[in-house]
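What follows is one structure encoded as structure tokens, with my remarks underneath.
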Amino acid sequence: MITTLKRGLTEGPSERIERMVAASRIRGANQPPDEGIFSTAKGDAYEAYAHLTIRERQARSLASGFDALPVYLFPEERLVGMVYHLGGGQGKSAGPDWSAEGNKEVARRFNSPADVSTIDLFGGGAGPGHVTWHWDWILQKGIIGLLDEYREALKTPKDQTAKEFYEGVIIVWESVLRWAERHVVALEKALAEASADDKPRLEELIKICRQVPAYPARNFREATQAFLIQYLAVMRECPFGGNGPGRVDYFLWPYLKKDLEDGRCTLQEARELIDELLMRLEERIQGFDGWVEAIVLGGSNPDGTSAVNPLSHIFVESIIELDQTHPSVYMRMPSDPPQDYIELAARYLLEGRNRAQILNDPIITAALQKVGLTSEDSMMYTCGGCMEIVPQGMNSDLLFAATHSVPLTLELVITGGEAMRLGQRLEGVDLKTLPGYADFEEFYTAFANELEREQIFRFRQLDVFSETMAEHRPTYLQSSMIADCFERGRDQQDGGARYHHYGVDPLGIANAADALHALKRAVYDDKLCTAEELLAAIKANFEGYETLRLKLRSLPKYGQQDAEADAMTKRLWNTLTDIYMGYRNRFGGRAKMVIFTFMWAPWVGDQLSATADGQFAGTPISQGITPANASMTEGITAAIGSMTTLDLANAAGGASSMWDLDPQWATPEVTGAIVKSFLKMGGQIFQGNATDVEELIKAKSNPEAYKHLVVRVGGFSARFVGLPEDVQDDVINRHRHKG
């Protein structure tokens, strides 16, 4: 009987791992120049294949990049494979730049004054990545098994598009297979020159690499090796932050479970292999803290039962004790999670150097089912990167594609289309100034209509980028491991993926809600001022209006469990969810709210003038769906209570919240109780810090002494001293919850 792993059952990193980590960090800080990106011995591969059809040209230029990739072998390793992703070619396409082409097409289709000024104010473009794929298919079938399926399908494709897709998949996977085989050649050469002591290690590696990833994995070590090679390959093809491994413990556990039962492996040996795997993932992207690749642990099986297993615990223990930034390791909580898993989450929040993120399965799976996922598919959710919710290997990759400042929209409706701090106007849209509205309902209707116009415009832009990506950015490896692409004969952005949902981040919801509530109370309900006076005070940044500002600040806010303030936030939330849920994109998919703030709290705040709730111009916005700093006056339970008045099951892309805890108060028992309350009350995604403010202040003034300090920024964790000063100040000034 295999029982759940308890804290301390595995030891910390071995001496071998400690040596390897030290060497890995030196290599990671001194990465070689990027090699093998769409190149041949004769130069640029895309040009070299100009005589071929566009799809074959793209596939062969990508394959040539794999043929040019070097093979790295390192001392003492028990896993092989390394690609340094962040060199000069990161993000480059095989052929024309899809982003530039997308922007050209957007400019061609959307060129009215309203369109142009909306792009100027809110931004254009689209972010790729932020998805996972079914890499477990490689463990089950091997590359050769997958190739056999595609070769068979190529005999009777349903149309020319499917034929070209199948051909591209075959061309690129064959090149990956050649790269994998070159590792065997390198190992055989190393074996011929090795010492007698090292020969057994190399002989074992050769045996493993002859099996995987070409053929199915037969045990835990082969499965881990197969995972690594395919992961490096897909990230080479789709080198975008936010793409990630997803449910690694879920897919690897059956192999480890069988090994444990058969006596071929111990938990400590498994821990050492996981240490090495995590170390390798860190080395490739060391120093780029904002580049997020997420491993999501535990959670639920497709039938809803708990999927928490010993490997879930091992990953958390490992990332705590290795003390590295990548990959992001998050914990899913199934219904009625095991008590020791809750305790591990509390330990991770307190000892994990602010890397932890906790996800609540019942709320998230309900949200996914609202946008059309089956119950079984929803249970397979993970995070593509920071916290964007996606079913593993089932969705196309515009899951986090854009942001939108909700408080800026509110400012435009108050001022008649003027973004005062930006010095820009919204053209081509008929908006009154605040005094022009007879009552709050007329004002709110105008605000909701403008919010809908801007959001729908953004979604329509994403349709254009989806078309452009399908044309200029084929993803043969990734698409071959995304559900239904094979059956449909289509790339994931060309209608192949089972779900074609977009993700957009509406920033500053809490801030806009506080401003709306204060405006309603001050102008229309309590008559604290006229609409003319409030508009004048906002334009003056409250200079000469301090008495009014203090009255506005004293009004109830979201986060204090005030019924009216929470009701206004809920109204805004419902307005947004109606807009998102009502949209259908070019393949019938949904737009999903992806709510987190990343490093943008000071940046978005800097765009805003003074607000109707008495905040000065330039005040940073709140994190995710968390109440504003100054509004959390009644304690963390009240703040969570306000947040969970919102129907968080309407945030199918994820609704993160940030809870910074005073480390003197947040004992393991207190933190565990907070996590349990958060889950029970219906919170969705829990992030936070447990770092002493004084330590942060010292780190800002003496960065050399605090290079080790890691903080949760908003969707990712980063070295504090490497953050921009305004982000450092935002982290320092966040509300710290105490008893």
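The values are calculated or read from the model by the stated rules, or taken from the named source; none is laboratory data. If you're wondering where the values come from, they're calculated on a predicted model, not measured in any experiment. Please note: Cβ atoms are built from the backbone with ideal geometry, for glycine as well, and neighbour counts cover all protein chains shown. For the accessible areas, the whole protein counts, side chains as well, though only heavy atoms, and no ligand, DNA or RNA atoms are used. Shrake-Rupley method; radii C 1.70, N 1.55, O 1.52, S 1.80 Å.
The table for this structure:
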| read-out | value |
| --- | --- |
| Residue-by-residue Karplus 3J(HN,Hα) for region 455-471, coefficients 6.51, -1.76, 1.60, Hz, glycine and proline x | 5, 5, 4, 5, 4, 5, 4, 5, 4, 5, 5, 4, 4, 5, 5, 4, 7 |
| CD proxy at 222 nm, helix term only [per DSSP H run n ≥ 4: -39500 (n - 2.57); per residue of the chain; nearest 500] | -15500 deg cm²/dmol |
| Antiparallel bridge percentage (DSSP; both residues within the chain; nearest 5) | 40 |
| Ranked packing of 261-267, 668-674, most packed first, by mean Cβ within 10 Å | 668-674, 261-267 |
| Cα-only radius of gyration and Dmax that characterise the chain, units Å | 26.2, 89 |
| Cα gyration tensor shape of region 647-700, rounded if a/c is under 1.5, else prolate or oblate by comparing a/b with b/c | oblate |
| Radius 12 Å from Cβ of F465, net charge of other residues (Lys, Arg +1; Asp, Glu -1) | 0 |
| Under 5 Å, built H, 5+ apart or other chain: amide partners of Q424 | A419 |
| Highest-first arrangement of 569-578, 429-438, 601-610, 501-510, where packing means the average Cβ count within 10 Å | 501-510, 601-610, 569-578, 429-438 |
| Sites T637 and V71 - FRET efficiency at Förster radius 45 Å, r taken between beta-carbons, to 0.05 | 0.25 |
| Crossing angle, helix 509-519 versus the chain [Cα axis fit, 0-90 degrees, rounded to tens] | 0 |
| Full-stretch length increase - L191, Q339 - with 0.36 nm per residue and alpha-carbon distance subtracted | 48.5 nm |
| Approximate spin-label separation R264-R108, in nm, with each point projected 7 Å along Cα-to-Cβ | 5.5 |
| Per-peptide average of other Cβ atoms within 10 Å, ordering 416-426, 329-339 highest first | 329-339, 416-426 |
| Global geometry of region 573-655, whether rounded, prolate or oblate, following the gyration tensor of its Cα atoms and the 1.5 cut on a/c | oblate |
| Residues whose placed amide H lies under 5 Å from that of S300, excluding near-sequence neighbours | A307 |
| Extension gain from I144 to D525, taking 0.36 nm per residue of separation minus the Cα-Cα distance | 130.1 nm |
| Per residue solvent-accessible surface (Å²) - region 537-591, probe of 1.4 Å | 46 |
| Per residue accessible area in Å² of region 255-352, where ligands, DNA and RNA are left out and the probe is 1.4 Å | 26 |
